Amino acid sequence: DVINSGWDEQRENITTVVFDDSFANCTSITSTAYWFYEFRNNLTTITGISNLNTANVTDMTDMFYYCARLTSLDVTGFNTAKVTNMEGLFMGCNSLTSLNVSGFNTENVTNMNAMFFDCRSLRSLDLSNFNTSNVTNMINGSFTVAIWQVLLLRVSTPQMIARSEERRVGKECRS
């Protein structure tokens, strides 16, 4: 079940989300799971997301799941040191052309399942700082698109990705 973000009834009408300065001092947020879940049709802009204090967040499951009309997203200010679950974080963000996650601290992440699945417009993604040593779930297309469409892809455990993505990626590349 999807966690009710409080916006569910209005999500089809929301085109812009604004994080004002008050979010910068909010340290009580421990989960951003499902915050923008399936805002697919209308959400085109998220402003001030740098104000979102993620220092205590442990769960980012499906945070931007199928925000299909977002073309840009600035998550460079995210503090991900405590995050353990990034499952589906950007899944279905198929209009994003670049995404800067180079500053993500993934040391404590155990679940990256489908993290970038169906991000088919990505042309730039630097995963060179990703530490996947604690990841136990990276199946179901976490890096399917990233492996074949992204310009820069260096991950600390590429053999893990190659094994988990072999079936899905191989099928896509045999056209």
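Restricted to the range 1-30, and to residues that are in a loop (DSSP other than H, G, I, E, B) and among the hydrophobic types (A, V, I, L, M, F, W, C), which residue is modelled with the lowest pLDDT?
Restricting to residues being in a loop (DSSP other than H, G, I, E, B) and among the hydrophobic types (A, V, I, L, M, F, W, C), the top hit is V2.
Quick check on my filter: what residues within the range 50-73 are closer than 17 Å to L99 by Cβ and either touching a residue at least 40 places away in the same chain (Cβ under 8 Å) or open to solvent by 10 Å² or more (accessible area, probe 1.4 Å) (or both)?
S50, D62, Y65, Y66, A68, R69, T71, S72, L73
Residue-by-condition table, conditions (1) of a type in the set (A, V, I, L, M, F, W, C); (2) touching a Phe, Trp or Tyr at 6+ places or on another chain (Cβ under 7 Å); (3) under 26 Å from T132 (Cβ atoms):
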position	(1), (2), (3)
L43	yes, yes, no
I46	yes, no, no
A55	yes, no, yes
D62	no, yes, yes
Y65	no, yes, yes
G77	no, no, yes
K82	no, no, yes
G92	no, yes, yes
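Residue by residue, here is whether (1) over 17 Å from L125 (Cβ atoms); (2) under 12 Å from the mean Cα position of the chain (by Cα); (3) of a type outside the set (S, T, N, Q) holds:
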position: I14; (1), (2), (3): yes, no, yes
position: D20; (1), (2), (3): yes, no, yes
position: C26; (1), (2), (3): yes, no, yes
position: T30; (1), (2), (3): yes, no, no
position: A33; (1), (2), (3): yes, yes, yes
position: S50; (1), (2), (3): yes, no, no
position: E87; (1), (2), (3): yes, yes, yes
position: N105; (1), (2), (3): no, no, no
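Yes/no matrix, rows are residues, columns are (1) open to solvent by less than 70 Å² (accessible area, probe 1.4 Å); (2) within 21 Å of C119 (Cβ to Cβ); (3) touching a helix residue (DSSP H, G or I) at 6+ places or on another chain (Cβ under 6 Å):
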site	(1), (2), (3)
V17	yes, yes, no
I29	yes, no, no
F36	yes, yes, no
N41	no, yes, no
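Does any residue of the range 2-9 turn out to be out of contact with any strand residue (DSSP E or B) (no Cβ under 9 Å at 6 or more places or on another chain) and among the aliphatic types (A, V, I, L, M)?
So far as the range 2-9 goes, yes, one or more of its residues are out of contact with any strand residue (DSSP E or B) (no Cβ under 9 Å at 6 or more places or on another chain) and among the aliphatic types (A, V, I, L, M).
Could you check D118 against (1) over 24 Å from Q10 (Cα atoms); (2) modelled with pLDDT under 90; (3) open to solvent by 40 Å² or more (accessible area, probe 1.4 Å); (4) not hydrophobic (A, V, I, L, M, F, W, C) and say which number it fails?
The single condition D118 does not satisfy is (3).
The values are calculated or read from the model by the stated rules, or taken from the named source; none is laboratory data. Here the structure is a predicted model, which means the values were calculated and not measured. Reconstructed Cβ throughout: ideal geometry from the backbone, glycine too, with neighbour counts over all protein chains shown. Only protein heavy atoms, including side chains, enter the accessible area calculation; ligands, DNA and RNA are left aside. Shrake-Rupley method; radii C 1.70, N 1.55, O 1.52, S 1.80 Å.
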